[in-house]
Structure formats: structure tokens, C-alpha cells
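Okay, so here's the structure we're looking at.
The values are calculated or read from the model by the stated rules, or taken from the named source; none is laboratory data. For clarity, every value in this text was computed on a predicted model and none was experimentally measured. Heads up, the Cβs are rebuilt from the backbone with ideal geometry, glycines too, and the neighbour counts pull from every protein chain shown. Protein only, heavy atoms only, side chains kept; ligands, DNA and RNA dropped before computing areas. Shrake-Rupley method; radii C 1.70, N 1.55, O 1.52, S 1.80 Å.
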Amino acid sequence: MSEPRIGRVLVASLHQAIADVLPNRLEFYENWLNSSGLREGTIGLAPLSAVLSFLRAEGDAYNLITNRAGQYAADWTVSSMSGLARRVIGRLPTPLRARAALRAASSLVRATYPGSRAIVRLKSGTASIELRGSLFCEVREATMLPLCGFYASAIARVLQHFRLRADARVNECRAAGGRKGCQLRVVVDGTPGTEPATA
């Protein structure tokens, strides 16, 4: 049985974020995130796990890279949607727009890896999101800080594309000893904001 492949959107966004934040280290990371794997979508779990392990040793750069990668992943996910779908969602009333945008964000999570899921519950403008199968949180020892900021950043950015202000935070992280796994809290504000430029 072949190893599940990592979604192109995750690999490409990490590659670009590393190039932005640690350009002098990009060649090192391309030992695992190589161009043929990026192009053909053949990066597996073991190479990505190696990349994430080395990134965690980079100190503050880890959060900078994973947050930026989440934004890139959101930009590319929204830009890959049909123009009609984006227009329809953009014209919905705020509560329905928030639900539709969160569905798009859930699709992004599924696209990162076959075993990843986002279980979303939206009530009174606040979304509780349970992340299942976060690749960022596969660690042998508990960490001091949460590691699933990629998803918080990506989800908030998707909502911003649909003119929704969003404050996304990691409430619990499996890697940091969270008993309930990875849990995000996203406060959605329908006040029109500046839509980010799609990459």
C-alpha cells in the first residue's frame, strides 16, 4: 500500500514561506521539499515530518513560517475556486457567508493531508473548530507552545477573503498536551474589512 501524499497546497505554501523567512536555509529544506516532488505532488509523510522537525528547531522562525504558509495556502485555495463560487459566497448575508467561508476553510484542511479534518461548530459569531490529524502536531514529546498555528492562520485568511474579520486562536494543541486534541476558536465579525490580495 502506497504512502499517503501530502497535499500540494501545504507543501508549496511551506516552501514559499521558508523562502521568505529563511532564504539562506531554503537549499537545506529542498532536500525534502524538492522541485520534482512539488511539481508532481509526490511528497510523502516522512519528508514532510523531517521538514517540520527541523523547522521546530529554528526557534521563532517556526511560527513565522507556519503562519505565513497558512496565509499562502488560504490565498491559493480561494483563488482556485471558480469565480462564480467566490461571487455567490461574497453576496450572501453575513451569517451564511461565514458558514460558506468556513466550509471552504474546512476543504483547505482536508486538502493538506488525507487524514486531516476540521470539525466546525458555529454559534453566535464564534466558531469552535476541532482539528483531527494535524501533521504539525505529530511530536514524540510535548512542546511548550502550540504547533498548529498554520491552520489558525489559514482559516482566518480564508474568512478575510470573503470580507469577514476573523480572530483565530489555538485554544488547545495536542502537541502541547491538549487533552481534547487541537481546538481552535475563531471569532467572526461581519464588519466589512479589507479583502486580502489573492496571490
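Using the structure shown, decide if Ser49 is over 21 Å from Arg110 (Cα atoms), of a type outside the set (Phe, Trp, Tyr), open to solvent by 30 Å² or more (accessible area, probe 1.4 Å) and at pLDDT below 95.
Details: over 21 Å from Arg110 (Cα atoms): no; of a type outside the set (Phe, Trp, Tyr): yes; open to solvent by 30 Å² or more (accessible area, probe 1.4 Å): yes; at pLDDT below 95: yes.
No.
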At pLDDT below 95 and touching a strand residue (DSSP E or B) at 6+ places or on another chain (Cβ under 8 Å): is that true of Gly59 in this structure? no
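Would you mind finding the one in Ser13, Ser36 that is open to solvent by less than 70 Å² (accessible area, probe 1.4 Å) and free of Cβ contacts under 8 Å to residues at least 12 places away in the same chain?
Numbers: Ser13 fails: free of Cβ contacts under 8 Å to residues at least 12 places away in the same chain.
After ruling out the rest, the residue left standing is Ser36.
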Members of the range 55-70 found to be of a type in the set (A, V, I, L, M) and in a helix (DSSP H, G or I), listed by number: Leu55, Ala61, Leu64, Ile65, Ala69
Working only within the range 16-32, note down all residues that are closer than 18 Å to Val78 by Cβ and either open to solvent by 40 Å² or more (accessible area, probe 1.4 Å) or in contact with a strand residue (DSSP E or B) (Cβ under 7 Å, 6 or more places away or on another chain) (or both). Gln16
Under 7 Å by Cβ, and 6 or more places apart or on different chains, what pairs join a residue from the range 48-75 that is within 11 Å of Ser13 (Cβ to Cβ) and acidic (Asp, Glu) with one that is in a helix (DSSP H, G or I) and open to solvent by 20 Å² or more (accessible area, probe 1.4 Å)? Asp75/Arg157
In the set Leu33, Leu52, which member is under 18 Å from the mean Cα position of the chain (by Cα), part of a loop (DSSP other than H, G, I, E, B) and not small (Gly, Ala, Ser)? Leu33
Flag for Val120 being modelled with pLDDT of 95 or more, open to solvent by 20 Å² or more (accessible area, probe 1.4 Å) and in contact with a Lys or Arg (Cβ under 9 Å, 6 or more places away or on another chain): yes
So which pairs qualify, if the first residue must be in the range 139-166 and among the polar types (S, T, N, Q), the second must be part of a loop (DSSP other than H, G, I, E, B), the Cβ gap must be under 7 Å, and the two must be at least 6 apart or on different chains? Gln160/Gly193; Gln160/Glu195; Gln160/Pro196
